[in-house]
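Asks: Submitted below is the structure of interest, expressed as structure tokens.
The values are calculated or read from the model by the stated rules, or taken from the named source; none is laboratory data. Remember, it's a predicted structure, so these values are computed and weren't measured experimentally. Here the Cβ positions follow ideal geometry from the backbone for every residue, glycine too, while neighbour counts run over all protein chains shown. When the accessible area is computed, the model is the full protein with side chains, heavy atoms only, and any ligands, DNA or RNA have been set aside. Shrake-Rupley method; radii C 1.70, N 1.55, O 1.52, S 1.80 Å.
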Amino acid sequence: MRVALFTDTFLPQVNGVTNTLSKLIEYYKSKNIEYLVFAPDSYLELNKNYNVEKFVSIKFFLYPECRLSLPNIFRLRNSLLKFKPDIIHIMTELNMGIAGLTYGKKLGIPTISSYTTNFVQYLKYYNLDMFQNALWNYMRWFHNQNEITLCPSMETKKLLISHGINNTGIFSRGIDINNFNDKFRSIELRKQLGIHDKIVLLYVGRVAKEKDINILQEGYAKILNRYKDKVALIITGNGPELEVYKKSFPKGTIFTGYKIGSELAKIYASSDIFVFPSRTETFGNVVLEAMASGLTVIAANAGGVKDTVDNGINGMLFKPGDAEDLANLIIEIIEDKSLMNNIKHNATKTVLERSWDCIFQNLIKTYENIILSKKCKQSIIS
């Protein structure tokens, strides 16, 4: 099998799409599945270990991790004709995604799309609500031309169906417990950060308006007022609002910047409670990472996170946008050690059932079914 991947964001950018792509490519290699990635041209020197065709690009204002590519249509077409993919998997809906869709249709190659980012929901955070209907119209036009649109969660699938994107399926997300695990807890790191004797709250993710970090800020202020220097907050990540929040968050908040690999694993495992206020997630990979790292997760009761967190069982869900409800749940977890331990225990069970191998096996079955269906249709026509 040969798979062409089209994406508007690629490594070493850190986001849900690139995380999934890196794991997917590893799986392709392990199963001798040939692949070719069509992506923007950023960080050329860091992607030498991948089969990638890169094209000139500029930053996308709403989400800088995605780039607006300007693909050379002759080179792109020739690369596809030479590679001869059995299927095209489109990861994003910007220019590279459009290129994959266009040339899939022109060359008779079946295409599937993934819905990975809630761009429509992001609009309200940037005072662009008036474009919501237009963007949903575009999403319908784009995704309904594919054989199937894969969603990372049932909540996202329901959202798309409610907006007229009909032929949908599930391509969930997994976790590698070798990379995220409570064994990486570091007393040395806690001492280095001055949190060795504190209950540590952690947020990991993009530092941007659409992540509802202002709700975390308000909730944490209530926690600080109650527990004083017995608690600490770490914010790990980068984004357009980082400098703003560095100034507005309570004094003593630790901003680590963006971390990957063993550094990120240590930060997770060396914390105690993971707080995730975002209500715009299609899945929320960081929630699984936190669970695998031995943290108690408290997240907004919205979006794809609801597929992972079973309220009161393997995590806690608070009313989206409600800082007081968030603070109350944090207090409940801090005060009730038995509840915290039960949630951690159940979270461990959850991550053991979310292996990437199982998820990718199901994806390959989807590929095979679509390729077979396409061949059957072609044979009937001929």
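Asks: Please enumerate the residues belonging to the range 117-139 that are of a type in the set (D, E, K, R) and under 17 Å from Thr282 (Cα atoms). Give the steps one after another, and end with the answer.
Replies: Going residue by residue through the range 117-139, those that are of a type in the set (D, E, K, R) are 124, 129.
Lys124, the sole residue that qualifies.
Asks: Answer yes or no: is there a residue in the range 113-120 that is in contact with a helix residue (DSSP H, G or I) (Cβ under 7 Å, 6 or more places away or on another chain) and at pLDDT 95 or above.
Replies: yes
Asks: Here is a further query. Between a residue in the range 183-204 that is among the polar types (S, T, N, Q) and any residue that is modelled with pLDDT of 95 or more and part of a helix (DSSP H, G or I), which pairs come within a Cβ distance under 6 Å, given they are 6 or more apart or on different chains?
Replies: Pairs found: Ser186/Lys266.
Asks: For Asn369, all conditions in the list (1) open to solvent by 80 Å² or more (accessible area, probe 1.4 Å); (2) within 16 Å of Ile175 (Cβ to Cβ) hold save one; what is the number of the exception?
Replies: (2)
Asks: Within the range 74-100, which residues are without any contact (Cβ under 8 Å) to a residue 60 or more places away in the chain and among the aliphatic types (A, V, I, L, M)?
Replies: Result: Leu76, Leu81, Ile98.
Asks: Given the structure, is Ser153 touching a Phe, Trp or Tyr at 6+ places or on another chain (Cβ under 8 Å) and of a type in the set (Gly, Ala, Ser)?
Replies: Yes.
Asks: So which strands (runs of 3 or more DSSP E) are wholly in the range 59-164 and hold at least 2 residues that are open to solvent by 10 Å² or more (accessible area, probe 1.4 Å) and touching a strand residue (DSSP E or B) at 6+ places or on another chain (Cβ under 6 Å)?
Replies: Here the list reads 67-69.
Asks: In the range 228-241, which residue that is of a type outside the set (Asp, Glu) and over 21 Å from Leu189 (Cβ atoms) is modelled with the highest pLDDT?
Replies: The residue in question is Lys228.
Asks: Residue by residue through the range 27-41, note down the ones that are out of contact with any strand residue (DSSP E or B) (no Cβ under 7 Å at 6 or more places or on another chain), open to solvent by 40 Å² or more (accessible area, probe 1.4 Å) and in contact (Cβ under 8 Å) with a residue 24 or more places away in the chain. Working first, answer last.
Replies: From the range 27-41, those out of contact with any strand residue (DSSP E or B) (no Cβ under 7 Å at 6 or more places or on another chain) are 27, 29-32; that's our starting set.
Checking which are open to solvent by 40 Å² or more (accessible area, probe 1.4 Å) leaves us with 29-32.
Once the filter is applied, which keeps residues that are out of contact with any strand residue (DSSP E or B) (no Cβ under 7 Å at 6 or more places or on another chain), open to solvent by 40 Å² or more (accessible area, probe 1.4 Å) and in contact (Cβ under 8 Å) with a residue 24 or more places away in the chain, the range 27-41 yields only Lys31.
Asks: Output the residue which, of all residues in the range 43-58 that are of a type in the set (S, T, N, Q) and open to solvent by 30 Å² or more (accessible area, probe 1.4 Å), is modelled with the lowest pLDDT.
Replies: We begin by selecting, within the range 43-58, every residue of a type in the set (S, T, N, Q); these are 47, 49, 51, 57.
Of the ones still in play, those that are also open to solvent by 30 Å² or more (accessible area, probe 1.4 Å) are 49, 51.
On the way: Asn49: 75, Asn51: 90.
Looking at the filtered set, the residue picked out is Asn49.
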